[in-house]
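A short worksheet on the structure shown next.
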Amino acid sequence: MKKEKFILEDLQFYLPENFKGMSKQYLLGCIFDKKIQKMWHPKIGDVIIGITGNVFVVSAKQELKDVLGGNLFFFGGGLCNRDGGCTLNETYSYTMNESGKWIQHIKGGFEEVNNNFHSSFSEFRYVPYPHEL
């Protein structure tokens, strides 16, 4: 219990006062509420908080077969450089699915590949909008 209190105080220092009308206390209450976390089934528009405290909104969903990891959700992202030049000329997005495994079709089969921009639902905490409670 003592450790959880330290985390709450630490997060309160770094979170902005409001996020889309949600107070710090509301955000913190939601991420530590087990009942709220159990009811989460990801969908577009969900506010999620990562293990580092970053706040994201789920922006898109791609329906994939289970053999490819199941439904894939997109959030966050930014610019990157993939061609070795000096300009940020490509975009990327973070992704997540239930298993946290990134599966690709390689040489006639399926293989799990390391992807640093991909994670599992379990690495995020859901924050419902106040009207959804």
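The values are calculated or read from the model by the stated rules, or taken from the named source; none is laboratory data. Model, not experiment: these values are computed from the prediction. Using ideal geometry, Cβ is built from the backbone for each residue, glycine included, and neighbour counts are taken over all protein chains shown. Ligands, DNA and RNA are excluded from the accessible area calculation, which covers all protein heavy atoms including side chains. Shrake-Rupley method; radii C 1.70, N 1.55, O 1.52, S 1.80 Å.
Side notes on the structure shown:
- Accessible area (Å², per residue) of the stretch 64-117, counting only protein heavy atoms and a probe of 1.4 Å: 70 Å²
- Amide H partners (placed H, <5 Å) of His118, local residues excluded: Thr95
- Using the Cβ-Cβ distance between Tyr92 and Glu112 with R0 = 22 Å, the FRET efficiency computed as 1/(1 + (r/R0)^6) comes to roughly 0.65.
- Vicinal HN-Hα couplings computed from phi for the stretch 27-40 (Karplus, 6.51 cos²θ - 1.76 cosθ + 1.60; Hz; Gly/Pro x): 4, 5, x, 5, 6, 9, 8, 5, 5, 5, 5, 5, 7, 6
- D by Stokes-Einstein for the stretch 35-122, Kirkwood Rh over Cα pairs, 25 °C, 0.890 mPa s: 170 µm²/s.
- Annotation for the stretch 24-80 versus the stretch 93-122: alpha-carbon center distance of 16 Å.
- Computed over the stretch 73-133, the ratio Rg/Rh where both radii use C-alpha atoms and Rh is Kirkwood: 1.11
- Here the stretch 23-109 has 54 percent of its accessible surface on carbon and sulfur atoms, given a 1.4 Å probe and all protein chains in place.
- Sequentially through the stretch 117-130, phi angles give Karplus couplings (6.51, -1.76, 1.60; θ = phi - 60°) of 9, 10, 8, 9, 3, 5, 8, 10, 10, 8, 10, x, 5, x Hz, Gly and Pro residues having no value and appearing as x.
- Scalar couplings 3J(HN,Hα) for the stretch 59-73, obtained by applying the Karplus form with A = 6.51, B = -1.76, C = 1.60 to θ = phi - 60°, are 10, 7, 9, 10, 7, 10, 5, 4, 5, 9, x, x, 4, 10, 10 Hz; x denotes Gly and Pro.
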